[in-house]
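Trainee: This is the structure, below, for whatever I ask next.
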Amino acid sequence: MLWLIAVVTVTISGFFFSATLARAYLENDLSWKTTIDELEGILIESGGENFADEADSQIVVAIVACTKSKDDWKSVNATALHNILIPSIERTVTPSETKHVRVDLVIGFDDNDPFWNDPQKRKELQLSTRVPISFISVPKQPSRPFRIPFNEVCKASYEYGADFIARVNDDSEFISPGWITKAVNRLSQYNPPWVGVVGPTCRQGNTKILTHDFVHRTHIDIFDNYYPDEFDNWWIDDWITYVYGPKRTTKLPDWEMFHHTSKHGQRYQVEQSLKRQLPLSLRQGARQIELFVQRNESQVPLHERTVLGTDRLAGIWGPMADFVALH
């Protein structure tokens, strides 16, 4: 079974952090607790729509989605990425946000995916949008045919410099304008700030849990992975809904998404047996959060690169490849 991961990176400056503070945070010179002191509460009004601002000082939001190519796809015009997800991102990042927004769409796919291994198909998608697109090829694990490699691509986004990560689906549609502002504001209100998860209201699928989620990079500082590695697909939503507890978990009523499940249908088999591992994973996760909060009153640990530039990825193309070459 072939899977593809899409990562859209959105950068915002002048709203969340000062340029100096943002870079110092990434260099581990300031604590996550200190960053809240520099949070700016007022958006700078702007009519700009440049998704590729070049400023190095901006804050990065990575939107991560997974997809699987289908045999009847002849061009990117048949994909939900092209028809649903990307247009909805362009519509819902507000003018106030886009003055300081850079968007990188980073698409990861199984290294044996015939559709996305075609350079012409990759170019076709790049030319269809003003959003710069990178591609990542992820080696498939034969022993885990239904595993979706969120962890590799989310960790690559973290190493790419993402300050926030939103995990959605390729057939998800952003409905609410300004969802980035709403999500970041809520994360900043947690005690301590940034330690927790938020998600949108989605009226399709299981409405009792977060079927889409949004976290600060602190999430990977805590867990190292985005989700527990033992889960191939289905139980990741349950895990992230409950691991932070009710005081650090919010489903935002004013951020709505629509999940177009009929667009491509279900493209993987649910591993029901893995549900038994959920209680233990939640207990372990809660303990990791507790230890992180106790340990990090002064410093966030600096992680070395473990995905980008390693054999955990089979190939990289586009802006993310340029980043790896320069760093």
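The values are calculated or read from the model by the stated rules, or taken from the named source; none is laboratory data. The shown structure was predicted, so the numbers you read here are calculated from the model rather than taken from an experiment. Every residue, glycine among them, receives a Cβ derived from its backbone with ideal geometry; neighbour counts consider all protein chains shown.
Trainee: Only one of these is more than 24 Å from E271 (Cα to Cα) and surrounded by fewer than 19 Cβ atoms within 10 Å (Cβ to Cβ): T218, T207, T181. Name it.
Mentor: Only one candidate passes the filter, namely T181.
Trainee: Output yes when any residue across region 99-121 is surrounded by fewer than 22 Cβ atoms within 10 Å (Cβ to Cβ), at pLDDT below 85 and out of contact with any His (no Cβ under 6 Å at 6 or more places or on another chain), and no when none is.
Mentor: Yes: region 99-121 contains one or more residues that are surrounded by fewer than 22 Cβ atoms within 10 Å (Cβ to Cβ), at pLDDT below 85 and out of contact with any His (no Cβ under 6 Å at 6 or more places or on another chain).
Trainee: Being over 22 Å from P192 (Cβ atoms) and either surrounded by fewer than 19 Cβ atoms within 10 Å (Cβ to Cβ) or touching a strand residue (DSSP E or B) at 6+ places or on another chain (Cβ under 8 Å) (or both) is the filter here, so list the residues in region 221-236 that pass it.
Mentor: D229, E230, W234
Trainee: Considering V215, V168, V198, which residue is part of a strand (DSSP E or B), of a type in the set (A, V, I, L, M, F, W, C) and under 28 Å from S143 (Cα atoms)?
Mentor: V168
Trainee: May I ask you to list the residues in region 79-96 that are within 24 Å of D322 (Cβ to Cβ) and not in a loop (DSSP other than H, G, I, E, B)?
Mentor: Result: L81, H82, L85, I86, I89, E90.
Trainee: Out of the residues in region 59-82 that are among the polar types (S, T, N, Q) and surrounded by fewer than 17 Cβ atoms within 10 Å (Cβ to Cβ), state the one that is nearest to N185 (Cα to Cα).
Mentor: N77
Trainee: To continue, here is another question. I need the full set of residues from region 124-147 which are in contact with a helix residue (DSSP H, G or I) (Cβ under 8 Å, 6 or more places away or on another chain) and either modelled with pLDDT of 85 or more or among the acidic types (D, E) (or both), in order please.
Mentor: Those that are in contact with a helix residue (DSSP H, G or I) (Cβ under 8 Å, 6 or more places away or on another chain) and either modelled with pLDDT of 85 or more or among the acidic types (D, E) (or both): E124, L125, S128, T129, V138.
Trainee: Mind checking which pairs have a first residue in region 162-175 that is closer than 23 Å to V76 by Cα and crowded, with 24+ Cβ neighbours inside 10 Å and a second that is among the hydroxyl-bearing types (S, T, Y) and modelled with pLDDT of 90 or more, Cβ under 7 Å, 6 or more apart or different chains?
Mentor: Partner pairs satisfying both residue conditions: F174/S88; F174/T92.
Trainee: Now for a different question. Mind listing whichever residues of region 99-152 are more than 16 Å from the chain's Cα centre (by Cα) and in a helix (DSSP H, G or I)?
Mentor: Hits for region 99-152 are P119, Q120, K121, R122, K123, E124, L125, Q126, L127.
Trainee: Given the criteria farther than 30 Å from G245 by Cα and either touching a Phe, Trp or Tyr at 6+ places or on another chain (Cβ under 6 Å) or of a type in the set (A, V, I, L, M) (or both), does F150 qualify?
Mentor: No.
Trainee: Still on this structure, I have one more. Starting from region 186-201, take each residue that is in contact (Cβ under 8 Å) with a residue 60 or more places away in the chain and list its partners that are buried (at least 22 other Cβ atoms within 10 Å of the Cβ) and of a type in the set (G, A, S), counting only C-beta distances under 9 angstrom and pairs at least six apart or across chains.
Mentor: R186/G196
Trainee: Something else about it: Could you identify the single residue in T241, T250 that is assigned to a strand (DSSP E or B), over 26 Å from S69 (Cα atoms) and either touching a residue at least 60 places away in the same chain (Cβ under 8 Å) or within 20 Å of the chain's Cα centre (by Cα) (or both)?
Mentor: Testing whether each residue is assigned to a strand (DSSP E or B), over 26 Å from S69 (Cα atoms) and either touching a residue at least 60 places away in the same chain (Cβ under 8 Å) or within 20 Å of the chain's Cα centre (by Cα) (or both) leaves just T250.
Trainee: Looking at region 229-241, can you tell me whether even one residue there is over 28 Å from P145 (Cβ atoms) and among the hydroxyl-bearing types (S, T, Y)?
Mentor: no
Trainee: Filter region 253-289 down to residues that are among the aliphatic types (A, V, I, L, M), within 19 Å of D213 (Cβ to Cβ), at pLDDT 80 or above and in a helix (DSSP H, G or I), then give me how many there are.
Mentor: Here the count works out to 4.
Trainee: Also: Can you name the number of the only condition in (1) touching a strand residue (DSSP E or B) at 6+ places or on another chain (Cβ under 6 Å); (2) in a helix (DSSP H, G or I); (3) of a type in the set (A, V, I, L, M, F, W, C) that A156 fails?
Mentor: (1)
Trainee: Additional query: Residues that are closer than 30 Å to S273 by Cβ and either surrounded by fewer than 23 Cβ atoms within 10 Å (Cβ to Cβ) or among the small types (G, A, S) (or both): does region 128-135 have at least one?
Mentor: No - not one qualifying residue is present in region 128-135.
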